[in-house]
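I have placed the structure first, in the form of structure tokens, so that the comments after it can refer back to it.
The values are calculated or read from the model by the stated rules, or taken from the named source; none is laboratory data. Since this is a predicted model, take the numbers as computed values, not measurements. Glycine gets a Cβ as well: all are built from the backbone with ideal geometry, and neighbour counts include every protein chain shown. For accessibility, only protein heavy atoms count, side chains too; no ligands or nucleic acids. Shrake-Rupley method; radii C 1.70, N 1.55, O 1.52, S 1.80 Å.
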Amino acid sequence: MSKLTRLTLITHALTDAVAAARFPADEPINELGRRALTKVGRPHLVDRADLVLTGSEARTRATAAALGAAATPESALADLNYGAWAGRSMDALPPADLTAWLTDPGHRPPGGESLTDLLARVSAWLPTLTATPRRIAAVTHPAVVRAVILLALDAPPKSFWRMDIAPLSATTLHGRSTSWTLRATAHPLSS
């Protein structure tokens, strides 16, 4: 086996919050997401994984189950905590709050997490994956995928919103020690 860890991040299927541009709460995948999952089937990257992880939210657990994965919950894969904004439309926020959210990586929604908080959480988790070289698949959220990409590229946090990570897409990285290399980004999931 290679001395590299291969990490494939799979984004959860579509939810009503994603479709409506709302801050997500712990909502399930919607009908469009369920239909998309039936078209995907069980992807080979899940079959080849030595370990399958998932966030704890309903949408990630349901996506992992639909992909045929017996996934282990991992707290580092939790979505960004939107605090009091969870379930609210972006249009419902005062414009100054939304502008601060989109331009200041340190801005926190009331009771929530900032982008820099998310980056710190993911940054602490990534080195734990390379102790034993293996193939890992992780069903998670677009925010977590963006955070991993920023960390791998050593890109500034303000670049967070410059990536489009679609539902049911896969992003693959190779890791060795504390160094990660981006191999493929946001490819549509297929069997």
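By accessible area, using a 1.4 Å probe on protein heavy atoms only, region 1-150 has 56% of its surface on carbon and sulfur. Computed from the Cα positions only, the extents of region 38-110 along the three principal axes stand at 46, 25, 19 Å, in decreasing order. The length gained by stretching the chain between Leu4 and Arg35 to full extension, at 0.36 nm per residue less their Cα-Cα distance, is 7.7 nm. In region 34-191, the DSSP beta bridges split such that about 55 percent are antiparallel, to the nearest 5. Based on protein heavy atoms only, region 116-191 ends up with 46 Å² per residue of surface accessible to a 1.4 Å probe.
Shown is the FRET efficiency for Ser159 and Ser75, computed with R0 = 25 Å from the Cβ-Cβ distance and rounded to the nearest 0.05: 0.50. Comparing Ala143, Ala170, Ala49, which has the greatest mean-square fluctuation in the GNM of the chain with Cα pairs linked when under 10 Å apart? Answer for the Gaussian network model of the chain: Ala49.
Restricting region 1-95 to trypsin sites (Lys or Arg not before Pro) that sit in a DSSP loop and have at most 15 other Cβ atoms within 10 Å of their own Cβ leaves Lys3, Arg48, Arg88. For region 1-66, the solvent-accessible area with a 1.4 angstrom probe is 48 square angstrom per residue. Ellipsoid fit via the Cα gyration tensor, the chain: semi-axes of 26, 21, 13 Å, each the root of five times an eigenvalue, largest first.
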